[in-house]
1. Could you please find all residues in the stretch 25-34 being in a helix (DSSP H, G or I) and surrounded by 14 or more Cβ atoms within 10 Å (Cβ to Cβ)?
2. With the requirement that a residue be polar (S, T, N, Q) and within 23 Å of residue 48 (Cα to Cα), what does the stretch 121-146 give you?
3. Take residue 123 and tell me if it is over 18 Å from residue 233 (Cβ atoms) and in contact (Cβ under 8 Å) with a residue 24 or more places away in the chain.
4. Does residue 118 qualify as being outside any helix (DSSP H, G or I), closer than 24 Å to residue 50 by Cα and out of contact with any Gly (no Cβ under 8 Å at 6 or more places or on another chain)?
5. In the stretch 59-67, is there at least one residue being closer than 19 Å to residue 175 by Cβ and touching a strand residue (DSSP E or B) at 6+ places or on another chain (Cβ under 9 Å)?
6. Does residue 176 satisfy the condition of being of a type in the set (Lys, Arg) and touching a residue at least 40 places away in the same chain (Cβ under 8 Å)?
7. Would you please list the contacts, defined by Cβ atoms under 8 Å and residues six or more apart or on different chains, that run from a residue in the stretch 54-82 that is assigned to a helix (DSSP H, G or I) to a residue that is among the acidic types (Asp, Glu) and crowded, with 24+ Cβ neighbours inside 10 Å?
8. Collect the residues in the stretch 189-206 that are touching a residue at least 60 places away in the same chain (Cβ under 8 Å) and farther than 19 Å from residue 91 by Cβ, keeping them in residue-number order.
Amino acid sequence: MAPMPRRLRCEDLIAFDVVPSLIEAAHSTGFSDLLPLQEDACRAGIFASQTSGERPADLMLVGSSKTGKKTVCEIAAIHHALLGTRVLVVVHDLRAAARCVARLEAYKVSGLRVGLCGEVSDFAALDLAVASLEAASEVLSSDAPATYSLGLVVVEDLEEVADGLDSELWPLLLLRCHLWRQELPLRLVLLSRDASFGHSLAETLRAKVVSATEQIAQTPAPAVRSFALFKLRAGLRASPESAENPENPENPENPENPENPENPENPENKVAQSLGRDSACTRRAVRYRN
């Protein structure tokens, strides 16, 4: 019988161009053998940097809290920040942001500015900023992403982000990321424990799914989450990037698109048009609040 292939270990991250100092720091926190989802995320390019002008694929990591998706994602966030990419990690509230900062600071990477971003002005002083959904929305609606060359946005705990008190903000946040790509090589990495929600959002964003082999919970999506996903799809169809590509099947002006927002019988028409106009015109100045 052929021997089972050895699982990747922390020191094997050198093969993915992770700097030795970060590997040592990760090992010191107890990170040793990689779990299956963590291995798959490595091979899917979570540590890949932008080369030759090409942006690595967006990733959706789907699995329970026992799959290690948050650990490998946060190591990757530090890795990209060390390479000079400005990173924004988005969580659902300030308490979650403080916990995330504490986890990142545990790696004790010398010279890396990690901290809580409570206001837009805080972003300038941080290489790796952690923000609540509301604070992140304000950063992305300002000039800060262009001024400081934001390159990676990580959204943790998507279910809490989507179902929290500021749940109307998350589709707008993702739409702003999409719009910023007209100026920046911005990449997304998202974490979900709900397979149905994760796969639906990944399909909408055309992100690559890295999923745990275990049976993942699939629960009926709350109505507020479904409507927010509906608005995100509508906004993406109305975005300038979609309009500039006449062959894009999601292009509102493509007559072959059965969901053409210009079609008066399409129920997404008004949502797509209003969200598209608002996002394109006000993403640098308007704060979306309750």
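The values are calculated or read from the model by the stated rules, or taken from the named source; none is laboratory data. Keep in mind it's a predicted model, so treat the numbers as computed, not measured. All Cβ positions, even for glycine, are placed from backbone atoms using ideal geometry, and neighbour counts span all protein chains on display.
1. Going through the stretch 25-34, the residues in a helix (DSSP H, G or I) turn out to be 25-28.
Across the stretch 25-34, the qualifying residues are 25, 26, 27.
2. Filtering the stretch 121-146 for residues polar (S, T, N, Q) gives 121, 132, 137, 141-142.
Of everything in the stretch 121-146, nothing turns out to be polar (S, T, N, Q) and within 23 Å of residue 48 (Cα to Cα).
3. Values: over 18 Å from residue 233 (Cβ atoms): yes; in contact (Cβ under 8 Å) with a residue 24 or more places away in the chain: yes.
Spelling it out, residue 123 is indeed over 18 Å from residue 233 (Cβ atoms) and in contact (Cβ under 8 Å) with a residue 24 or more places away in the chain.
4. Working: outside any helix (DSSP H, G or I): yes; closer than 24 Å to residue 50 by Cα: no; out of contact with any Gly (no Cβ under 8 Å at 6 or more places or on another chain): yes.
Answer is no for this residue.
5. First pass over the stretch 59-67, keeping only residues closer than 19 Å to residue 175 by Cβ: 59-60.
Next cut, touching a strand residue (DSSP E or B) at 6+ places or on another chain (Cβ under 9 Å) only: 59-60.
There is at least one residue in the stretch 59-67 that is closer than 19 Å to residue 175 by Cβ and touching a strand residue (DSSP E or B) at 6+ places or on another chain (Cβ under 9 Å).
6. Values: of a type in the set (Lys, Arg): yes; touching a residue at least 40 places away in the same chain (Cβ under 8 Å): yes.
It is true that residue 176 is of a type in the set (Lys, Arg) and touching a residue at least 40 places away in the same chain (Cβ under 8 Å).
7. 70/156; 73/156
8. 195, 199, 202, 206
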